[in-house]
Amino acid sequence: MSGSSAPSVPDHPVGFAVEPAWQGPVTQFDTRATPGFSGGKAEGAERLVAIDAELEDLQERLFAAHHGAEGGRSVLLVVQGMDTSGKGGIMRHVVGAVDPQGVDITAFKAPTATEKRHDFLWRIEPHAPAPGMIGVFDRSHYEDVLIHRVHGWADDAELARRYDAINEFEQRLVDAGTEVVKVMLHISYEEQGERLAERLERPDKHWKFNPGDIDERVLWPAYMDAYSRALGATSTEAAPWHVVPADRKWYARIAVQQLLVDALHRIDPQWPEADFDVAEQVARLEATRVLA
């Protein structure tokens, strides 16, 4: 990218790329691995800070170059993962590093009665990022194929229809100029147990605990199967999936940060040229130096 001032830092962490039409269990990916990064926790923390400036610069360029434009570019970050996988940490430590006016975060909860009367994408599509924006889905349209498979709320035919609808929706986003970055924060069963226990042990974390999390934890094998099927059906050339090992929170953060930086580099946003005579405005400003 022209004009880039990226810091000199080692390695390129992005997690595990899921090839289009991939078929396999997500459990084949090591949840404690640090693919693309040879350092440890301390080096990861240093990298997170070092890349913040680059991410912030690219985001500001994106906002300046495309905000309010017809057909402008944007980024959509989709973050999925089991309870305690670190989605909140991604919001605070990665997304939180950029100017909030250029970010739109949507956390999709259980659908309302009104939303249930429509197709599952009805409530999703209005939140697609506008030109110049980074949109973030903290949980997403994938809840409607993951939870529905696990609980048997949709049969195989309906799930296949939804996979196709998701692929078509994401292709439309890409065709309109959006870089789609899809991340599964992949945590182990053991690590989730430790994190849930910590929430119960610490009064300052009780607010994060939901008794329903244990109900869902019992269904772990079914969720791993649902994730495997969903990623295999919806990892496309236009919108591929990345499985990011999440047992090490510090690694998950630098991997998602790098995926965002890579997406912005593909857009290569540039500062827009002034739509006024700069020299003329400098002269006008100089004339106001002394108040009449």
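Helices in the chain, meaning DSSP H runs of at least 4 residues, each add -39500 (n - 2.57). Divided by all residues, the mean residue ellipticity at 222 nm is -14000 deg cm²/dmol. In the Gaussian network model of the chain, springs joining C-alpha atoms below 10 Å, which of Leu121, Leu231, Leu58 carries the largest mean-square fluctuation? Its mean-square fluctuation being the largest, the pick is Leu121.
Using θ = phi - 60° in the Karplus curve 6.51 cos²θ - 1.76 cosθ + 1.60, the 3J(HN,Hα) couplings for segment 112-120 round to 6, 4, 5, 5, 5, 7, 10, 4, 4 Hz; x is entered for Gly and Pro. In this simple spin-label model, placing a label point 7 Å from the Cα along the Cα-to-Cβ direction at both Leu121 and Phe169 gives a separation of 0.7 nm.
With a cut-off of 10 Å between beta carbons, the residues surrounding Pro13 carry a summed charge of +1, where Lys and Arg count +1 and Asp and Glu -1. With a Förster radius of 35 Å applied to the C-beta separation of Tyr189 and Ala69, the computed FRET efficiency comes to 0.15. If R0 is taken as 51 Å, the Cβ-Cβ distance between Leu291 and Asp204 corresponds to a FRET efficiency of 0.40. Among Pro100, Pro35, Pro269, the largest mean-square fluctuation in a Gaussian network model of the chain, built with springs joining Cα atoms closer than 10 Å, belongs to Pro100. Separation of segment 200-225 and segment 80-147, taken as the distance between their Cα centroids, equals 20 angstrom. On the beta carbon distance between Val282 and Ala50, with R0 = 35 Å, the FRET formula returns roughly 0.50. With all protein chains kept in place, the per residue accessible area of the chain amounts to 49 square angstrom at a probe of 1.4 angstrom.
The values are calculated or read from the model by the stated rules, or taken from the named source; none is laboratory data. Because the structure is predicted, anything quoted here is derived from the model rather than measured. Here the Cβ is made from the backbone with ideal geometry for all residues, glycine too, and neighbour counts use every protein chain on show. Only protein heavy atoms, including side chains, enter the accessible area calculation; ligands, DNA and RNA are left aside. Shrake-Rupley method; radii C 1.70, N 1.55, O 1.52, S 1.80 Å.
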